[in-house]
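Written below as structure tokens is the structure these notes are about.
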């Protein structure tokens, strides 16, 4: 009887430790603009990714959380929640992409909580890492992922010296940046739209 009870306890412990896998979605687009072309220059891959956002589900009405360069929500924050139609505004639809990233239930819940709390704060677009509440799109996505699991989603910024024109835009001689395509290093799968 003790052996049966021990076996049941071990089975229960094992099944409790198995978290159900969940997915989050990273969406990208390419905007044919000076800013978009500047972003492409600092990416790690050749895909046309100049802007990214994050979604908790993969439906047509999904909310895509993203930091906008030139738009603000009704509260004056650059942290937007847009549907796909609004978010995917690339001149060429093939540059609108979506990736599925497997996360644990714990990571998913941390991401959801972080997104909910961040929507209560007024953010603005800024490339300077020293500014308070200033973010750019890939920095925002990185912070949300890193908050969910700092070991799994840890990554260093990429630092590059800027030319004269780029210095004017960035207001610094060096840019330390999470590339817009930083997330491609994680095990994820591009899915068809």
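The values are calculated or read from the model by the stated rules, or taken from the named source; none is laboratory data. Here the structure is a predicted model, which means the values were calculated and not measured. Methodologically, a virtual Cβ is constructed for each residue, glycine included, from the backbone with ideal geometry; neighbour enumeration extends over all protein chains shown.
Within region 1-59, the set of residues being part of a helix (DSSP H, G or I) and at pLDDT 75 or above comprises 35, 36, 37, 38, 39, 40, 41. From the list 122, 72, 110, pick out the single residue that is over 27 Å from residue 21 (Cα atoms) and surrounded by 14 or more Cβ atoms within 10 Å (Cβ to Cβ). The unique qualifying residue is 72. Of everything listed in (1) assigned to a loop (DSSP other than H, G, I, E, B); (2) within 29 Å of residue 159 (Cβ to Cβ); (3) touching a strand residue (DSSP E or B) at 6+ places or on another chain (Cβ under 7 Å), the single unmet condition for residue 62 is (2). Within region 162-176, the residues that satisfy the criterion of being in contact with a strand residue (DSSP E or B) (Cβ under 8 Å, 6 or more places away or on another chain) and either assigned to a loop (DSSP other than H, G, I, E, B) or modelled with pLDDT of 90 or more (or both) are 162, 173.
Flag set for residue 127, criterion: in contact with a helix residue (DSSP H, G or I) (Cβ under 8 Å, 6 or more places away or on another chain), within 19 Å of residue 182 (Cβ to Cβ), surrounded by 15 or more Cβ atoms within 10 Å (Cβ to Cβ) and at pLDDT below 95.
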